[in-house]
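What follows is a single structure, written as C-alpha cells, with notes after it.
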Amino acid sequence: MNYYLTQDTTQTGILTMGGLDVVSLVKRFGTPLYLMDEAHIRHQCQWFTREFKHPQLETEVIYASKAFLPIAMAQLVAQEGLSLDVVSGGELYTAMQAQFPMEKIYFHGNNKSKEELQLLLDAGVGTLVLDNAFELDRLVSLLQPQHQLKVLLRVNPGIEAHTHEYIATTKNNSKFGLSVFDPETLNVIAAIAAVPQLTFLGLHSHIGSQIFEAASFDQHASAIMAYVNTIHQTLGLEVQAINLGGGFGVRYTADDQPLEGADYLHTMLESIVRAAQTYQLKHPKVMIEPGRAIVANAGITLYEVGNAKTTHAQKRYCFVDGSMADHIRTALYQARYTGILANRVHDAHEHPYTVTGKACESGDIIIKETLLPHPQPGDVLAVFSTGAYHYSMASHYNRLPKPPVVFVRDGKAKVVVERERFDDLTRFDVKDAL
Ligand SMILES: Cc1ncc(COP(=O)(O)O)c(C=O)c1O
C-alpha cells in the first residue's frame, strides 16, 4: 500500500519508519508528531543532483525551502550540496543560523521589504530573484559601492500547468513576476544591466506545483528560451542562466500519477540545448527548484485517535488530536491524503472514514475520505506524504501548540524541532497592556 510498509511491519503489524516502530516513537515524543525519513530526503536530493544533468549544460539544483525549513533541513541541504531558495527574511535568517553558504542562496518574493533587501545585502546573499520595477528602485536605493549581487528576473511566460488554480503561478494574471508579452519587461532588464553593482544573470520562472505532465516542463523551457532569444536580439544581452522553478508532482494517494524516472528532466534539458542551437545562443546554465518532490513523501504525521462518531445520516468520523492547524492543505487546496491505523496495519482497512481534528471549524478536515478499520480510542493514525507544506504551513489556530519534527534514520530518532508548549503560545502576549 505504501512505501513505509516494510518487512518489519509485515511481521509486527506496526508501521515502521527509518527502522523504528512508530508506536514506540509516539510513546516517546507524543502526538501529533511530524516524522521525517532522513534517508529518503537525502535520497531525493541525490537523485535530483544526479539526474538533472546534461553533457552540454551546467546545471544546479536549488531546494525550495518554503516546503520545509527547520535549521536541520538547511544543514542537510548544505551537506547534500544543493543551493537554497528562500522567500522571506525569516527563511534567510534560518539559513544563516544553519551557516548555509550565502553565495548559494536565491532570494525570492513578490514584495520584499526594505528590511529584507537590506538583510540580504548585508548577509552577502548570492542571487536575488527580482519581481518588478518597483523592487529594483527599492534595491538600488539601498546599494552601496561595495555591494555585488546577481539578479534573475522573474518572468511569466503564460504557460498554464494542469494543477490546482491556487498553485498555478504563471497565468497572465499571476501576482508573480513580469509578463514576457509586456514590452516594458525588456526595459526592466536593461535597467538591471545598467546598475554597476548588479549582474543580470538571467530569468526565473515557475509554472505551478504538483505537475504531472512532462509536456508542461518542456513547453515552459521552450517558452523561456524564446524569450532569452528576444532579450539577445533586442538588448544584445546574453542570458547566462535560466531557473525553471519547481512543481514536480508527488503521490499523495493511489490516484496520483507522478512522472516516473528522470526522462522528463533529460527531455527538458535537451529542448534547451536544441533551442540554443536554433537561436544560435550560448548555452545558459539551467536551474530547477524542487520543494515538494524532495520532502513530501519523506514525511508522515502521527495522531492519536480520540474517538469515532457515526452521524445520524450515517457519515463516519474519526477524531484525532491534531487539526487544520498542523494540516491545512486539505482545507486550503482540497488536497487528498491516505491514512492507516499504524498500530493495526494488518486489520482490514475497509470502512470509509472522514478524519477530522479538534479545531472549531467544520472545514477542519485532515482526510476527506480514507478506508480504515473501525478506530478505537488510543489507536495511532498515520497520514502519509505530509513532509512538504505541513510543518511550514502550521499555525496556532485555536491556540494549539505546533507539533515537534523528528527525523528517523537507521534505527535512530533525532528531534529537529521541539514540541511547543502553552507558554510558547503566550510568549508574545503583553499581559499588562490595558
Ligand atoms: C518560485 C518557486 N520555486 C519553487 C517552488 C517549489 O514548488 P514545489 O514544492 O511544487 O516543487 C515554488 C512553490 O510554490 C515556488 O513558488
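The values are calculated or read from the model by the stated rules, or taken from the named source; none is laboratory data. Keep in mind that this is a model prediction, so the values were computed, not measured. With ideal geometry, Cβ positions are generated from the backbone for all residues, glycine too; neighbour counts draw on all protein chains shown.
Of the residues making up segment 194-217, at least one is away from the ligand (no atom under 16 Å from the Cβ), in the same structural domain as LEU149 (by TED's automatic domain parsing) and at pLDDT below 95.
Given the condition among the polar types (S, T, N, Q) and outside the structural domain of HIS349 (by TED's automatic domain parsing), answer yes or no: does some residue in segment 22-40 qualify?
Among the residues of segment 22-40, not one is among the polar types (S, T, N, Q) and outside the structural domain of HIS349 (by TED's automatic domain parsing), which makes the answer no.
Let's see how each residue does on (1) touching a residue at least 60 places away in the same chain (Cβ under 8 Å); (2) within 16 Å of the ligand (Cβ to nearest atom):
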residue	(1), (2)
MET268	no, yes
SER271	no, no
ARG274	no, no
ALA293	yes, yes
ASN297	yes, yes
LYS315	no, no
ARG329	yes, yes
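The number of residues in segment 21-56 that are within 23 Å of PRO373 (Cα to Cα) and not in a loop (DSSP other than H, G, I, E, B) comes to 10. Return the total of residues in segment 120-162 being among the charged types (D, E, K, R) and assigned to a helix (DSSP H, G or I). Summing the residues that are among the charged types (D, E, K, R) and assigned to a helix (DSSP H, G or I) in segment 120-162 gives 4.
You will find that of ALA98, ALA74, the residue that is buried (at least 16 other Cβ atoms within 10 Å of the Cβ) and either within 16 Å of the ligand (Cβ to nearest atom) or within 15 Å of the chain's Cα centre (by Cα) (or both) is ALA74 and no other. Taking each residue of segment 374-388 that is in the same structural domain as LYS309 (by TED's automatic domain parsing) and at pLDDT 95 or above and looking for partners that are acidic (Asp, Glu) and not in a loop (DSSP other than H, G, I, E, B) with beta-carbon atoms closer than 7 Å, six or more apart or interchain, yields GLY378/GLU304; VAL380/GLU304.
Of the residues SER88, SER65, only one is at pLDDT 95 or above, under 30 Å from ALA215 (Cβ atoms) and of a type in the set (Ser, Thr, Tyr); which? None of the other options fit; the residue is SER65. Only one of (1) more than 16 Å from the ligand (Cβ to nearest atom); (2) at pLDDT 95 or above; (3) out of contact with any strand residue (DSSP E or B) (no Cβ under 8 Å at 6 or more places or on another chain) is not met by TRP47, so which one is it? Tallying (1) more than 16 Å from the ligand (Cβ to nearest atom); (2) at pLDDT 95 or above; (3) out of contact with any strand residue (DSSP E or B) (no Cβ under 8 Å at 6 or more places or on another chain), TRP47 fails exactly one: (1). Within segment 238-266, the residues that satisfy the criterion of being within 16 Å of the ligand (Cβ to nearest atom) and of a type in the set (A, V, I, L, M) are ALA241, ILE242, LEU244, VAL250, LEU259, ALA262, LEU265. If I filter segment 266-283 for residues that are buried (at least 21 other Cβ atoms within 10 Å of the Cβ), outside the structural domain of ASN343 (by TED's automatic domain parsing) and assigned to a strand (DSSP E or B), do I get at least one hit? No. Quick check on my filter: what residues within segment 1-47 are more than 24 Å from ASP326 (Cβ to Cβ) and surrounded by fewer than 18 Cβ atoms within 10 Å (Cβ to Cβ)? Of everything in segment 1-47, those that are more than 24 Å from ASP326 (Cβ to Cβ) and surrounded by fewer than 18 Cβ atoms within 10 Å (Cβ to Cβ) turn out to be THR6, GLN7, ASP8, THR10, GLN11, THR12, GLY13, GLY19, ARG42, HIS43, GLN46, TRP47.
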